[in-house]
Amino acid sequence: MTISTYLTWPNRDQLLVARGETEYAWVDPAEQSLLGPDIAEVTAVGEDAASGVVVCGDGLDALEALVARGTLRERSIRCVYIDPPFGTGKRFGHYSDALAEGAWLSMMRDRLVALRPYLARDASVWVHLDETMSHKARLILDEVFGADAYVATVVWQKRLTVESRTAISSAHDPILVYAPSGQKAWKRTRNRVPGGVEASNRDGDPRGPWRDAPFTAPGYRSGQQYVITNPAGHDLLPPRGRSWFATEPVFRRLLAEDRIWWTKGGAGQPRMKNFDIDALQVPSTLWNGRDVGTNDDAKRHLARLFPDADTVFDTPKPEALLQRILHIATNPGDLVVDLFGGSGTTAAVAHKMGRQWITSERLVETVASILLPRLELVVEGGEAGGISESVAWRGGGAFDVLQVAPRLGQVPALKAVLRTRADALRARQAS
Ligand SMILES: C[S@@+](CC[C@H](N)C(=O)[O-])C[C@H]1O[C@@H](n2cnc3c(N)ncnc32)[C@H](O)[C@@H]1O
């Protein structure tokens, strides 16, 4: 690993590899090739050619095993979205988030470094965290991809309610966005998003619904400094440091065409009426939970999918959030990778949006009880939640399931766990 040091921590020169199902061990990077992970084909779901792969195992082992299997090739990944344990020190029902800080930093750095050679030229990497470690994760990401690769931090509104036990209730998660080609180059291939403001027809315009936008532009432009008189008779100049959006003749033409809307019923500022309501916009950093879902929306979705489960999964993300990310960052057929699969949101959304996908999840129980059953339902078309309605999802497609043994220690065989579950289900149905 030849990367410059922005941040230091104990053992940062070592590689953090998985030991057993939940632990890690530091090893000398020079020896890591001796530890090549062992891979087992578990099953295939669906009749079609597989467009997805579930790997039961640690993300680093999964990447190495998929490269050895020929499934992952250099420069093939268009988008990485990862939602790892945030480094909070908490133990959730389904997984522990109690790694010491140095181990957490190595865990992140090593998996990001391992992904780097497989990123396409126009790839982007989205790292979903909370504020516990996001500032340190930025230094790691700067090291791995270069500080110029930083694009933005998306602020996702994760809850609409206030947590009254806290001093200041945290309502958002930061999602760090990096494009290794640099944001200027990535801007040429990323997609725009549908306009955020609902179109309406407040004046019964026969041309139909419209959105309004300020009739001002940044900076001082001498040709765009003139007096506009509003319907209430007030003379207006552009705000300080700004200009009107267009020259006076253009303003007069727009006024004659009924393309100007006045705030305060005619006593306020001019705004432009825009009838091109399908126009796409540059994505912005503020993502409202009402538009892309909240943590609670994601939990309600899982609870509907698994009505018999006591607790479904603690930290799922809403499908609409992943839909927006994958819409911006990929096109149909592109490969999406998520190394921290959890309940399988990224894979489910990528599948429904016609992307290829790879996801890994370390805990056998999570794969057997949530991730796999959820993705099976997606293929069968047996679930109507999440983004299914918005993409008219009816089922179809296929994916492979593999298990990668950790380099150190042992884990239960997924095949045996699935067989035991199937036997138990058959026995319940028979009784
Ligand atoms: C925050 S959850 C992901 C939630 C997921 N985005 C969703 O919508 O359901 C993190 C997941 O990563 C898994 N995990 C932790 N370390 C891992 C590793 N090294 N490799 C693979 N999975 C890991 C945990 O078991 C947990 O299920």
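The values are calculated or read from the model by the stated rules, or taken from the named source; none is laboratory data. Quick caveat: nothing in here was measured; it's all calculated off a predicted structure. Every residue, glycine as well, gets a Cβ built from its backbone with ideal geometry; the counts of neighbours run over all protein chains shown.
Quick grid of which residues meet (1) touching a residue at least 60 places away in the same chain (Cβ under 8 Å); (2) surrounded by 12 or more Cβ atoms within 10 Å (Cβ to Cβ):
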site	(1), (2)
Arg190	yes, yes
Asp205	yes, yes
Gln224	no, yes
Thr229	no, no
Ala256	no, no
Arg259	no, yes
Arg271	no, yes
Val282	yes, no
### Query
Which one of Arg190, Arg211, Arg240 is part of a strand (DSSP E or B) and basic (Lys, Arg)?
Arg211
### Summary
Counted residues in region 90-103 being more than 10 Å from the ligand (Cβ to nearest atom), without any contact (Cβ under 8 Å) to a residue 40 or more places away in the chain and surrounded by 15 or more Cβ atoms within 10 Å (Cβ to Cβ) come to 1
### Message
Ile3 - would you say it is away from the ligand (no atom under 14 Å from the Cβ) and modelled with pLDDT under 95?
### Response
yes
## Note on the structure
Counted residues in region 66-89 being crowded, with 23+ Cβ neighbours inside 10 Å and aromatic (Phe, Trp, Tyr) come to 1
### Query
Out of all the residues in region 14-32, which are touching a residue at least 60 places away in the same chain (Cβ under 8 Å) and farther than 23 Å from Glu361 by Cβ?
Gln14
### Query
Looking at region 303-339, which of its residues are basic (Lys, Arg) and either within 12 Å of the ligand (Cβ to nearest atom) or surrounded by 24 or more Cβ atoms within 10 Å (Cβ to Cβ) (or both)?
Lys317
### Message
Checking Leu418 against (1) within 12 Å of the ligand (Cβ to nearest atom); (2) in a helix (DSSP H, G or I): exactly one of these is not met. Which one?
### Response
(1)
### Message
Condition (residue is within 19 Å of Thr420 (Cβ to Cβ), acidic (Asp, Glu), within 12 Å of the ligand (Cβ to nearest atom) and in contact (Cβ under 8 Å) with a residue 60 or more places away in the chain) applied to region 365-377: is it met by at least one residue?
### Response
yes
### Task
Output the number of residues of region 42-82 satisfying the condition of being of a type in the set (A, V, I, L, M) and without any contact (Cβ under 8 Å) to a residue 40 or more places away in the chain.
1
#### Entry: Filter pass, Asp291 being over 30 Å from Thr189 (Cβ atoms) and either at pLDDT below 95 or not in a helix (DSSP H, G or I) (or both)
no
